[in-house]
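These notes concern the structure reproduced below.
The values are calculated or read from the model by the stated rules, or taken from the named source; none is laboratory data. What you see is a predicted model, and the numbers here were worked out from it, not measured in a lab. Note that each Cβ is placed from the backbone with ideal geometry, even for glycine, and that neighbours are counted across all protein chains shown.
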Amino acid sequence: MSFGQATALVARREITERIRQRSFLVSSAVTLLIVAAAAVLPALLGGGPTTYDIGVVGSQPRAVAAAAGAAGSETDVKVDVKRLPDRAKAEKQVRDGDLDAALVAPRQVVSDDKLPDELAQALQLGARQVASGEALRKQGLSRAQARRALDPPPLRTRTLAGDSQDSDQRKFIALAAALLLYGQLLTYGLWVSTGVVEEKASRVVEILLATLSPRALMAGKIVGLGVLGAGQMLLVVVLGLALALATGSLEATGGDVAPVLLVLLWFPLGYALYASLYAAAGALVSRQEDLQSATTPLTVLIIASFFLSFSALNDPGGPVATAASLVPFSAPLVMPGRMVLGEASPAEVVAAVVLLVAATILLVRVGARVYSGAVLRTGKPVKLLEALRASRS
Amino acid sequence: MLELDALSRRYGDVVALDDLTFEVPTGQLFGFVGPNGAGKTTAMRIVLGVLEPDAGHVRWQGAEIDAGARRDFGYMPEERGLYPKMRVGDQLTYMARLHGVEAAEAQAAADRWIERLGLSERADTRVEELSLGNQQRVQLGVALVHEPSLLVLDEPFSGLDPGGVDVLAGVLAERAEDGVAVVFSSHQLELVERLCRSVAIVNDGRLVASGPVEELRRKHASRMLRVEVEGASEDWWSEVPGVAGAGDREGAGVLLELHEGADDQQVLAAAARAGRVRHFGRAEARLADIFREAISA
């Protein structure tokens, strides 16, 4: 059995055992629900147009309602017009809640409760257009001329500070990316170390090491949980994007989606670095109770990087953000945000990746040595230097 | 045949193994005995490759042991170890896979051993929910599921009730009959004597005696006397030349152990001087006696 086969066997056990845990399924479901809610809520709360059912009695009101609906693209109001034979029927349907309001005469609107402001505005606009159109026709303009005068093409807009709508959206995406990466790195890193301690505390590690090399055991655990973490993240991103695009919370083009997908690539890079350190930290202790103090430095590093990524959103081109996006420990959390915001030059991205990969190669080796030197030592927590020395011999 | 050849290992200043050499033949049970801290666990860990020796070699069927050879070994460490949250069947299948057994065969082997160890009702139970006795059975299953040709068991009988001892002894004897080399450590010398054809006795990391139990007993028996003297003092034997010490009192008699080459007729004469000799004869040496002498030497 080669190193690769052994690693694959261990990785598969990690994935299947984790997926069968109820706590994993529940937490995954909760995460997906939160993401779905975050993707859909903007559309429900602020966003899209509201549709009103408007009853009309007579031809003049009908023209007003139609004009109000036509103007709706500017006012975020949509109007569904329903023709009714007489005033009494219209009022009854308003009272029953079948209609939001009814135009019962050229100058009269009835509603059950106070008329919503936006609807009142839209109807007023419709009435003005109908009245103006009639006035223009009386001045001898053709129907087409009157419409052109009343409905000029929309103004073209250009913002001097870039497209503001777009930059808000990108900021939101960058924040979501940082949050997601932060959560995955912290959770899956900790799972690696608790898994290592579980094997030490239950002493099963001695049986495992009679057939596997410590490196294969460590690599399998990291790869298995990493695949799971990446898969979960992919699911979250795809679901979030699909829902946000479908509901109109996000108005995205291909150019906006690409950086989001690039964010995913930062997970394996950052995870490889942190997970090997978490594995080494787990190997140093023999009991879950001792694990917290062993992993605190790593957890602090990740949290600090997250705060850096947060501040980088406000000043993505500044010196702090630039530096933090190059340092291997914070790069996986800071660089994706800067990329989404379009503030990272290709040279910086390449430099960050090269530095991170180099640091990862180095730290995976150190981590594997600490792990090999400490994983069979039970009892008191093993000192880092002792572990390194033990694996040298 | 498993050969331990001049193994040495230190932990800091503590010498755990000092030039330990002995051989374990295939097709029989082999007892590995010695007081606590004698180095038994260290030696077993080195055989399994969990620990590196400072010096010396371990050979299996004449060749230096590597990772491939170890895949054919079964191991039960002194500190039992299983995945607490894993189901019994999955656990056995996984362990078989780690030893290089193909997926389908691993599954079948797991089922077979679950049945053989009386765990059929528990195949889908998580290990942590099992009784201690059943956990021991799973542990044995883990050592056996890939049909190893060498079994190394560290204190396999400790913590078992008499029924469990019989089941385990039966399984091990059956493995040995199939040509497997079975080596286990134990403090229960009567049990070792009953089950094993050969033993190795270690003390302070050194081999003090090894070989077939029968041979050790025969060598020792010529130096064990059972003597019953009426009217003698309790320690009438203590000044007699050639007597190394006394073992357990047995009824009115005493078990005497002679120095190598001592003259038993001198002892008889001394006994006659001390009182009326009711019984004088060779005593059967037990492993416990051999062990005691080997350790005190």
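All but one of (1) at pLDDT 90 or above; (2) loosely packed, with under 14 Cβ neighbours inside 10 Å hold for A:Thr299; state the number of the condition that does not hold.
(2)
What pairs come out if I take residues in segment B:146-161 that are within 18 Å of B:Gly27 (Cα to Cα) and pair them with residues that are surrounded by fewer than 20 Cβ atoms within 10 Å (Cβ to Cβ) and not hydroxyl-bearing (Ser, Thr, Tyr) whose C-beta lies under 6 Å away, six or more apart or interchain?
From residues that are within 18 Å of B:Gly27 (Cα to Cα), the pairs are B:Pro148/B:Asp72; B:Ser149/B:Asp72.
Suppose we filter segment A:244-268 for residues that are surrounded by fewer than 21 Cβ atoms within 10 Å (Cβ to Cβ), touching a helix residue (DSSP H, G or I) at 6+ places or on another chain (Cβ under 7 Å) and either modelled with pLDDT of 85 or more or of a type in the set (S, T, N, Q) (or both); how many remain?
Count: 2.
Kindly provide the set of residues from segment A:51-110 that are within 46 Å of the chain's Cα centre (by Cα) and of a type in the set (Val, Ile, Thr), ordered by number.
A:Thr51, A:Ile54, A:Val56, A:Val64, A:Thr75, A:Val77, A:Val79, A:Val81, A:Val94, A:Val109, A:Val110
Under 7 Å between Cβ atoms, which residue pairs at least 6 apart in sequence (or on different chains) link something in segment B:211-229 that is within 20 Å of B:Pro25 (Cα to Cα) with a partner that is assigned to a strand (DSSP E or B) and polar (S, T, N, Q)?
Once the first residue is within 20 Å of B:Pro25 (Cα to Cα) and sits in segment B:211-229, its partners that are assigned to a strand (DSSP E or B) and polar (S, T, N, Q) give B:Gly211/B:Ser198; B:Pro212/B:Ser198; B:Val213/B:Ser198.
Taking segment B:261-294, which residues are of a type in the set (Val, Ile, Thr) and surrounded by fewer than 19 Cβ atoms within 10 Å (Cβ to Cβ)?
Correct list: B:Val277 only.
For segment A:1-16, indicate whether the set of residues that are closer than 30 Å to A:Gln184 by Cα and acidic (Asp, Glu) is non-empty.
Checking segment A:1-16: at least one residue is closer than 30 Å to A:Gln184 by Cα and acidic (Asp, Glu).
Can you find a residue in segment B:115-127 that is over 23 Å from the mean Cα position of the chain (by Cα), part of a helix (DSSP H, G or I), within 12 Å of another protein chain (Cβ to nearest Cβ) and in contact (Cβ under 8 Å) with a residue 24 or more places away in the chain?
yes
Can you give me the number of residues within segment A:337-354 that are small (Gly, Ala, Ser), closer than 18 Å to A:Leu261 by Cβ and assigned to a helix (DSSP H, G or I)? Walk me through how you get there before you give the answer.
Start the filter on segment A:337-354 by keeping residues that are small (Gly, Ala, Ser), which leaves A:337, A:342, A:344-345, A:347, A:351-352.
If we keep only those that are closer than 18 Å to A:Leu261 by Cβ too, we end up with A:337, A:342, A:344, A:352.
Right, trim to assigned to a helix (DSSP H, G or I) and you get A:337, A:352.
Final tally of qualifying residues: 2.
I'd like the full set of residues that are buried (at least 16 other Cβ atoms within 10 Å of the Cβ) and either facing chain B (nearest Cβ under 8 Å) or not basic (Lys, Arg) (or both), limited to segment A:1-14.
Step one: list which residues in segment A:1-14 are buried (at least 16 other Cβ atoms within 10 Å of the Cβ), which gives A:1, A:6-14.
Residues satisfying the conditions are A:Met1, A:Ala6, A:Thr7, A:Ala8, A:Leu9, A:Val10, A:Ala11, A:Arg13, A:Glu14.
If you check A:Gly337, A:Gly342, which single one turns out to be buried (at least 24 other Cβ atoms within 10 Å of the Cβ), in contact with a helix residue (DSSP H, G or I) (Cβ under 8 Å, 6 or more places away or on another chain) and among the small types (Gly, Ala, Ser)?
The unique qualifying residue is A:Gly337.
Within segment A:220-229, does at least one residue satisfy the condition of being in contact with a Gly (Cβ under 8 Å, 6 or more places away or on another chain) and either within 14 Å of chain B (Cβ to nearest Cβ) or not in a helix (DSSP H, G or I) (or both)?
yes
Is it true that some residue in segment A:324-336 is in a helix (DSSP H, G or I), within 14 Å of chain B (Cβ to nearest Cβ) and either in contact with a Phe, Trp or Tyr (Cβ under 9 Å, 6 or more places away or on another chain) or closer than 18 Å to A:Leu277 by Cβ (or both)? Spell out the reasoning first.
First pass over segment A:324-336, keeping only residues in a helix (DSSP H, G or I): A:324, A:331-336.
Filter once more, keeping what is within 14 Å of chain B (Cβ to nearest Cβ): none.
The answer is no; no qualifying residue exists.
B:Glu147 versus (1) farther than 21 Å from B:Gly170 by Cα; (2) part of a loop (DSSP other than H, G, I, E, B): which is the lone unmet condition?
Answer for B:Glu147: the failing condition is (1).
Of all residues in segment A:220-243, count the ones that are more than 18 Å from A:Leu185 (Cβ to Cβ) and modelled with pLDDT of 90 or more.
Adding up the residues that qualify gives 1.
Looking only at strands (runs of 3 or more DSSP E) that fall completely inside segment B:1-96, which ones have 2 or more residues that are within 14 Å of chain A (Cβ to nearest Cβ)?
Where strands (runs of 3 or more DSSP E) fall fully within segment B:1-96 and carry at least 2 residues being within 14 Å of chain A (Cβ to nearest Cβ), they are B:2-11, B:55-60, B:73-76.
Can you work out which of the residues in segment A:83-119 that are exposed (fewer than 15 other Cβ atoms within 10 Å of the Cβ) and among the hydrophobic types (A, V, I, L, M, F, W, C) is farthest from A:Ser59 (Cα to Cα)?
A:Ala88
Any residue that is assigned to a helix (DSSP H, G or I), under 32 Å from the mean Cα position of the chain (by Cα) and more than 10 Å from chain B (Cβ to nearest Cβ) - is there at least one of those in segment A:203-218?
Checked segment A:203-218: at least one residue is assigned to a helix (DSSP H, G or I), under 32 Å from the mean Cα position of the chain (by Cα) and more than 10 Å from chain B (Cβ to nearest Cβ).
Looking only at strands (runs of 3 or more DSSP E) that fall completely inside segment B:195-297, which ones have 1 or more residues that are over 30 Å from B:Lys40 (Cα atoms)?
Working: elements: B:198-203, B:206-212, B:224-230, B:243-250, B:253-258, B:276-282.
Fully inside segment B:195-297 and qualifying: B:224-230, B:243-250, B:253-258, B:276-282.
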